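Contents: one structure, followed by commentary.
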Amino acid sequence: MARTRNKTRKLPDQPVTVTIESLAHDGRGVAHVDGKVIFIDEALPGEAVEFIYTDSRKDYAEGKVVTLLSRAADRVEPLCAHYGTCGGCSFQHVESAAQIRIKQDLLLEQFKRIGKVTIPELWEPLQGPHWGYRRKARMGVKYVAKKGRVLVGFRERRHQYLAELDSCVVMHPLVGTRLLALGEMIAGLSIREHIPQIEVAIGDDSCVLAVRVLTPPSAEDIEKMRRFAHAEGISLCLQSKGPDTITPLPGEPEIPLSYRLPDQGLEFLFRPAMFTQVNYDINRQMINCVLAALDLNANDQVLDLFCGLGNFTLPMATLAGHVVGIEGDQPLVNHAKANAAHNGIANVEFYAADLSKDVSDQPWAMRKYNKILLDPSRAGASEVLPNIARWQPEQIVYVSCNPSTLARDAGILVNELGYRLIRAGVMDMFPQTGHVESMALFKKA
């Protein structure tokens, strides 16, 4: 019988001293020991640190700082007492202006290395509140008998365990300051061991928490949840299965969620589990930047790919002649149509289509568009880019939540499809994290 090989690697137990050489794309410090790259949490370039290993693989290792021997000028004290344990943030030890500079440098490097494209001009970074900005989140819930409490929040850094939090400074205060109270309420329910998560959705005027329940709550449970919701000024809903099962507590009204774009006079209605941007201030700035970059007028025929519930489609329709929005999720398409009707916008169309597949035979894809907006998921838009050759738009704005796939697709647009990169820049959608949101403008060469 073949013997099972033990794949567990014994880690050195003594601290190792290194000087941090650079930052990785996720914000960890990079150093080398005996020729192997080490990624070290909360370490900044130029700092000398003592670290201990937390993992070791064939090609790389990971570690965490135990002693800071020298301090970078950009280092600040984290605001949150849970920083370093909770995995929700990774940049609280970095001064805010330096966070932007790091993200901007990453964008420049990714375009050059991956896309083989140089950014000729940088947009001024879009910045907003650094704390209390997050309005959407999926928080874990766990009853821990040994601790005698219910934990509510995010997972520990690089672990599946929930962090033991009493507050969260990046969450909107409506929720971020109520984690302990929320956990105490859940601890008093008969189904406390059967609640794995809470979907947080905060609009301009209301806050809805959708509580995932694996077992139906008792009448007493529902009454406890009702009292808590009324006392805290929020709405609690129950989610028994998928997102479409989210309903208010029995006897409670459905609280509408919405966010507004004052500059365009628009209001978007949405349901708790639907995708919306987490940072409303940056979203408003981002939309204004897109509209300015596309320089829309009544003659423009615009295609909005990966349109969601119409976050860009409807603002563009206030200026353009006609806008077509395409989204892979049919419920989002239905909601986009409802939002168009809610705002009295008639010069838009919405279609459901899987943009990772060939769409060339679909009627909307056979039309001509002189301007295009791309706002894909982290996977990027490479599958849909071949259609650009047929549409031949004069301008393309690409909004991205992943600079590496944006850089890859920029290379395709510039080096294969004949477009010029005009400018690109970052948006601080997720302060205190290594997440980079960015945008680029292309014009036909």
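The values are calculated or read from the model by the stated rules, or taken from the named source; none is laboratory data. If you're wondering where the values come from, they're calculated on a predicted model, not measured in any experiment. Cβ: placed from backbone, ideal geometry, glycine included. Neighbour counts: every protein chain shown. Accessible surface areas use protein heavy atoms only, side chains included; no ligands, DNA or RNA. Shrake-Rupley method; radii C 1.70, N 1.55, O 1.52, S 1.80 Å.
Details
- This model, with +1 at the C-beta of Lys and Arg and -1 at the C-beta of Asp and Glu, gives the chain a dipole about its Cα centre of some 1200 debye.
- Those aspartates and glutamates that a straight Cα-Cα span of less than 15 Å connects to Lys241, excepting residues fewer than 8 apart in one chain: Glu199
- In the chain, the DSSP-assigned H stretches of four residues or longer account for a calculated mean residue ellipticity at 222 nm of -6000 deg cm²/dmol, using -39500 (n - 2.57) per stretch and the full residue count as denominator.
- Global form of segment 1-159, assessed from the alpha-carbon gyration tensor, a/c cut-off 1.5: oblate
- Entries of Lys142/Lys337; Lys136/Lys224; Lys357/Lys443; Lys103/Lys142; Lys10/Lys147 with Cα pairs more than 28 Å apart: Lys142/Lys337; Lys103/Lys142; Lys10/Lys147
- Distance-filtered residues of segment 294-338 - backbone nitrogen under 20 Å, label point 7 angstrom along Arg378 Cα→Cβ: 306-308, 328-329
- In the context of the full set of protein chains, segment 16-75 has a per residue accessible area of 49 Å² (1.4 Å probe).
- Shape category assigned to the chain from the gyration tensor of Cα positions, a/c cut at 1.5: oblate
- In terms of its C-alpha gyration tensor, segment 135-220 has an oblate overall shape, because the principal axis ratio a/c (a ≥ b ≥ c, square roots of the eigenvalues) is not below 1.5 and a/b does not outweigh b/c.
- With each label modelled as a point 7 angstrom along the Cα→C-beta vector, the Asp354-Gln160 pair spans 2.9 nm.
- The antiparallel fraction among DSSP beta bridges confined to segment 231-344 stands at about 60%.
- Accessible surface, segment 257-393, averaged per residue in Å² (probe 1.4 Å): 38 Å²
- Relative contact order (percent, whole number), segment 16-75, Cα cutoff 8 Å, 6+ residue spacing: 30 percent
- Portion, in percent, of the accessible area of the chain that falls on carbon or sulfur, probe 1.4 Å: 51 percent
- Relative contact order of the chain, defined on C-alpha pairs under 8 angstrom at six or more residues apart (%): 14 percent
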